[in-house]
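This report concerns only the one structure given below.
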Amino acid sequence: MRKALRGVLSLAVLIGTVSATGASAGAATAAEPAAKQSSGFTTSSSESSGEDIKDRILAIPGMSLIEEKPYPGYRFFVLGYTQPVDHKNPSKGTFQQRVTLLHKDTNRPTVFFTSGYNVSTNPSRSEPTQIIDGNQVSLEYRFFTPSRPAPADWSKLDIWQAASDQHRVFKALKKIYSKKWLSTGGSKGGMTATYFERFYPKDMDGVVAYVAPNDVVDREDSAYDRFFAGVGTEECRDRLSGVQREALVRREPLEKKFEAFVAENGLTFDTVGTLDKAYEAVVLDYVWAFWQYSLLADCEAIPADAPNATDQEIWDSVDGISGFAAFADQGLNTYTPYYYQAGTQLGSPDIEQPWLGDLSRYGYQPPRNFVPRSIAMKFQPSVMRDVDRWVRNNARQMMYVYGENDPWGAEPFHLGKGARDSHVYTVPGGNHGSKVSGLVADEKAEATAAILRWAGVAPAAVEADPAKARPLAKFDARLDVRDAELQRDRGTLRP
């Protein structure tokens, strides 16, 4: 998995209709005690007796406050939590991991969100949080700065260690947030939620994983080639391949533009090796990146006659979709933990792109090329096979949502005979930002009803008729800006 995620994945991008309400805290269920106001914040009945939620959180051993940010109807905390570098050997040192908490009420259910990357330090809600009108705990993935041990022992960056981070945070906060918990995330965040469930299946009451890739056999990537041979329309595919070919045909003049761009922005290529390799990596990601982030209608913006387009038009199209800074050191550094995991456990796609003929010098470059050589890497082929086998045979109250036109969905998770109360949905024409809100009406209601039921907040009317399921909280134009999750991770092929 390499480029087009500029997250997440996810993880992650949520589709919704903006309401006129700028800061709605949403509606609670009728059985919930009325929230009380104190200093402009919503507090639960347990806190109204003088026990402030911040004090309860900071009483947890290892928990510290970085900052608190006001938001109407909520308390929002940015926290630090002391974690062992190695959960198998806690005596080997600790590091500080960032956690955020969007607190609504201890009597509400809680969503555990992770993008699989850095954590945002601004208040936001994932789609399940809006659906259940609950609290949200968000965790920064280990080794994404500043949540990186020093010195960094990269062998301790694996999916079990990361799942164990989540387990410890859950155990610490469950004493305060005692209602039901759901885990969620988009893209790499959806993968992370899945791995958490695989290793700690008793923690969560449900899993909602968006656009989560499942690269079971890393060396077998023909599913991606079949996807690109049929995605969208032939006209759109021809436009994209035409621009991509021209970017390689005109490598010499466009690399001169690239050199000027590099000099102007102070970019370097110590990790990937050369400007030429970085240039080609951006170009080869162009088609993947388009389908990951765009919709079929966006093909209208792609030059229709690439051989007769100007150099600037070709440059602008590739830069706008792939981003020419993506494989410079400055673009790669933030994502070193992702590329390390892709090259050691997660796997990464390798597509043929036969329309390029012999124009490519390097082919689709592996994750090893995007991680500094000082960091040792060895791929473990059994890890994803284990997860895939577990999901097929043991999934309980797990939901996967994919986009029809998202390349990462070419290798999805599947449910086997051992799965119970679990679902896989596909958003028609959807990209890497696909969400429950984009499903066809009956599936949207069914999925929403399942999420409400798993969280223990399904109204009686929904229990009787899932078609009546709706999110309990109104859409908030500030909290629920889900396209920002997708745009945040644009840069190189990442889920």
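Worth pointing out:
- The set of residues from segment 387-407 being in contact with a strand residue (DSSP E or B) (Cβ under 6 Å, 6 or more places away or on another chain) and of a type in the set (Gly, Ala, Ser) comprises just one member, Gly403.
- Boolean, Tyr335 is within 22 Å of the chain's Cα centre (by Cα) and at pLDDT 95 or above: yes
- For segment 388-397, the criterion of being β-branched (Val, Ile, Thr), open to solvent by less than 10 Å² (accessible area, probe 1.4 Å) and under 20 Å from the mean Cα position of the chain (by Cα) is satisfied by at least one residue.
- Scope segment 177-203; condition open to solvent by 10 Å² or more (accessible area, probe 1.4 Å) and either at pLDDT below 95 or in contact with a His (Cβ under 9 Å, 6 or more places away or on another chain) (or both); matching residues: Phe199, Tyr200, Asp203
- When residues of segment 118-156 are limited to those that are surrounded by fewer than 21 Cβ atoms within 10 Å (Cβ to Cβ) and among the small types (Gly, Ala, Ser), the one farthest from Gly190 (Cα to Cα): Ala150
- Tally of residues being within 20 Å of the chain's Cα centre (by Cα) and part of a loop (DSSP other than H, G, I, E, B) across segment 429-452: 8
- Qualifying residue in segment 274-288 (condition: out of contact with any Phe, Trp or Tyr (no Cβ under 9 Å at 6 or more places or on another chain) and closer than 28 Å to Ser115 by Cβ): yes
- Qualifying positions in segment 273-320 - among the β-branched types (Val, Ile, Thr) and open to solvent by 20 Å² or more (accessible area, probe 1.4 Å): Thr274, Thr310
- Filter result (under 25 Å from Gly416 (Cβ atoms) and of a type in the set (Ser, Thr, Tyr)) within segment 349-397: Ser382
- Applying the set (1) open to solvent by 10 Å² or more (accessible area, probe 1.4 Å); (2) β-branched (Val, Ile, Thr); (3) farther than 23 Å from Val387 by Cβ to Val216 leaves exactly one unmet item: (3).
- When segment 232-260 is filtered for residues that are assigned to a loop (DSSP other than H, G, I, E, B) and either open to solvent by less than 10 Å² (accessible area, probe 1.4 Å) or more than 24 Å from Ser294 (Cα to Cα) (or both), only Arg250 remains.
- Subset of segment 78-116 [part of a loop (DSSP other than H, G, I, E, B), open to solvent by 10 Å² or more (accessible area, probe 1.4 Å) and under 20 Å from Gly189 (Cα atoms)]: none
- Here the condition is being hydroxyl-bearing (Ser, Thr, Tyr), modelled with pLDDT under 95, crowded, with 16+ Cβ neighbours inside 10 Å and out of contact with any His (no Cβ under 6 Å at 6 or more places or on another chain); of Thr492, Thr448, Thr426, it holds for Thr492 alone.
- Within segment 130-149, residues that are aromatic (Phe, Trp, Tyr) have Cβ atoms under 7 Å from residues that are buried (at least 22 other Cβ atoms within 10 Å of the Cβ) and part of a loop (DSSP other than H, G, I, E, B) in these pairs: Tyr141/Thr114; Tyr141/Gly116; Tyr141/Tyr117; Phe143/Leu157; Phe144/Tyr117, counting only partners at least 6 apart in sequence or on another chain.
The values are calculated or read from the model by the stated rules, or taken from the named source; none is laboratory data. It should be emphasised that the depicted structure is a prediction, and the values quoted were computed from it without experimental measurement. Quick reminder, even Gly has a Cβ in these numbers, built from the backbone with ideal geometry, and neighbours come from all protein chains shown. Accessible surface is based on the protein model in full, side chains and every heavy atom, while ligands, DNA and RNA are left aside. Shrake-Rupley method; radii C 1.70, N 1.55, O 1.52, S 1.80 Å.
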